[in-house]
1. Please work out the average accessible area per residue across segment 5-117, using the 1.4 Å probe convention, and give it in Å².
2. Where does the longest stretch of the chain lie that holds no trypsin sites (Lys or Arg not before Pro) found in a DSSP loop with 13 or fewer other Cβ atoms within 10 Å?
3. Under 1.5 on a/c is rounded, so check that first for the chain, then, if it is not, pick prolate when a/b is larger than b/c and oblate when it is not; a ≥ b ≥ c are the square roots of the alpha carbon gyration tensor eigenvalues.
Amino acid sequence: MTLLNDKDLEAMRSAQEQHMPETVYIQRLVRTDDNSGGWYESWQTVQETKGRIGVPTSAELAIAGSLNAVNSFTITLPADTDLLETDQLQISGVEYRINAILKRSQKTALRVLVTQI
């Protein structure tokens, strides 16, 4: 395996980001005290970024199948996106549950397997 140098990796990341036409809202579940000994839970946007939604590759479909995630999509985000598996994503008012964040050694983008909520 050939590793990319920093300059080439940054160029590839920049090229990826030029093809991310969607605005993606990263949301986290937040608990708020209800002043009665309990709490409310709500999804709050913690970050806004660029992204692209598409169909999974055959390898990604195999992963989705092992997770019993039907009607899966792949959302591609900038490589340095701060994302937790417990987050959810929203694009154009549609919410998506994260099934898997795909890890790569030298990532030019962050790919996430999701299903529509």
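1. Details: 6920 Å² over 113 residues.
Normalised by residue count, the accessible surface of segment 5-117 is 61 Å².
2. Details: sites that count: 103, 104.
Result for the longest clean stretch: 1-102.
3. Values: a/c = 2.16, a/b = 1.62, b/c = 1.34.
Prolate shape, in that a/c is at least 1.5 and a/b is the bigger ratio.
The values are calculated or read from the model by the stated rules, or taken from the named source; none is laboratory data. The model shown is predicted, which means the values in this text are computed figures rather than measured ones. Counting neighbours? That spans all protein chains shown, and the Cβs are built from the backbone with ideal geometry, glycine included. When the accessible area is computed, the model is the full protein with side chains, heavy atoms only, and any ligands, DNA or RNA have been set aside. Shrake-Rupley method; radii C 1.70, N 1.55, O 1.52, S 1.80 Å.
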